[in-house]
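Scroll down for the structure; my scribbles are underneath it.
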Amino acid sequence: MSRASFCVMPRTLMHEMPDEWQSKMAELLAEYDATFDRSALHDCKVMAVRKNGKFTSWPDWLLQYRRPDVAAINSIRAKPCDECGKLEHECPCIDEMISAVSAQR
Ligand SMILES: [Zn+2]
């Protein structure tokens, strides 16, 4: 995790995750809800901010979870590794390359 104070995930992208992932997430969120009484906490609002810190608006496709724009969603989908076909978080290739380079020294 980063040092961010909040974790915000667009519902549109969560809907695109595999059913097993969504089931696990639903269980984890239910566990979280059962653990904390957050009624005394403030509500929060999520604002879109550009890299330069200026406020902007969310792209429509990111807000339309009932009518997903598959092309837009796929345009930001991570590409599988050319070597092993796995996504970045489970790809062992970079670690193997670093180990191989270290072994040559
Ligand atoms: Zn790989």
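Quick check: is even one residue across segment 44-61 hydroxyl-bearing (Ser, Thr, Tyr), surrounded by 10 or more Cβ atoms within 10 Å (Cβ to Cβ) and within 16 Å of the ligand (Cβ to nearest atom)? No, the conditions are met nowhere in segment 44-61. Among the residues of segment 89-105 satisfying the criterion of being assigned to a helix (DSSP H, G or I) and away from the ligand (no atom under 16 Å from the Cβ), which is farthest from HIS15 (Cα to Cα)? Going through the qualifying residues, I end up with GLN104. Counted as qualifying within segment 5-88 are the helices (runs of 4 or more DSSP H) with 2 or more residues that are among the β-branched types (Val, Ile, Thr) and under 19 Å from the mean Cα position of the chain (by Cα), namely 70-75.
Read-outs throughout are calculated quantities, based only on the coordinates presented, and are distinct from any laboratory measurement. A quick note: this is a predicted structure, and the numbers were derived from the prediction, not measured. Cβ atoms come from the backbone with ideal geometry, glycine included; neighbour counts cover every protein chain shown.
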